[in-house]
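Report on the following structure.
What follows is calculated from the coordinates using simple rules that are stated; it is not laboratory data. Given the structure is predicted, the values throughout are model-derived calculations rather than measurements. Cβ: placed from backbone, ideal geometry, glycine included. Neighbour counts: every protein chain shown.
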Amino acid sequence: MHDTRKLPAVCSPLASAQELQPDDVPNIPHRHVILCAGWYDPQHTWIYYYETGGAPDYWKPGLKQAPLDALLALGCKPLRYKGMAHELVPSGKQPREVLTRAAKARAVVVPNPTVGEP
């Protein structure tokens, strides 16, 4: 079992948050981690992610979407688990979609994400 302190030991940092793919982990060391579920838009400005935590109105576990810049401002560092197999994605292409339209429709919109639980 790993907590957020140990993730850098079992993950590789990504050069840019724009490289995030489903199953990657934006991590705030010693505080919080989320699981990337894909991109909301082709410009990679909003991200889908799974999380438990945040403000009281959205603390329950589930699929959420938020601006990438807001997550990075909280201190999220993009990581990829060293044992994760990812499909090679040619430059300029999007990774294969993993979320259904129904799942996306239920994603909680979090325009101003926070860290912590109520």
Point-to-point label distance, Ser16-Leu72, nm (Cα→Cβ direction, 7 Å offset) = 0.9 nm
Efficiency of FRET from Cβ geometry, Ala9 and Thr52, R₀ 25 Å, rounded to 0.05 = 0.65
The simple spin-label model distance between Leu35 and Val108, using points 7 Å out along Cα→Cβ, in nm, is 1.6 nm
Using Cα pairs closer than 8 Å and at least 6 residues apart in sequence, work out the relative contact order for the chain, in percent.
-> 30 percent
Just how large is the dipole of segment 7-109 about the Cα centre, in debye to the nearest 20, putting +1 at every Lys and Arg Cβ and -1 at every Asp and Glu Cβ?
-> 160 debye
Estimated vicinal HN-Hα couplings, Hz - segment 16-23 in sequence order (Karplus 6.51, -1.76, 1.60; Gly, Pro = x) = 8, 5, 5, 8, 4, 10, x, 5
Subtracting the Cα-Cα distance from 0.36 nm times the residue separation, let me have the gained length for Lys60 to Ser91 in nm, one decimal.
-> 7.6 nm
MRE, 222 nm, helices only [DSSP H, n ≥ 4, -39500 (n - 2.57), over the chain, to nearest 500] = -3000 deg cm²/dmol
Rg (one decimal) and Dmax (whole number) from the Cα set of the chain, in Å, equal 13.6, 42
Of the chain, which part is the longest with no trypsin sites (Lys or Arg not before Pro) in a loop (DSSP not H, G, I, E, B) and with at most 12 other C-beta atoms within 10 angstrom?
-> 7-81
Mind counting lysine pairs for me in the chain? Cα separation below 26 Å, and the two need to be 8 or more apart along the chain or on different chains.
-> 14
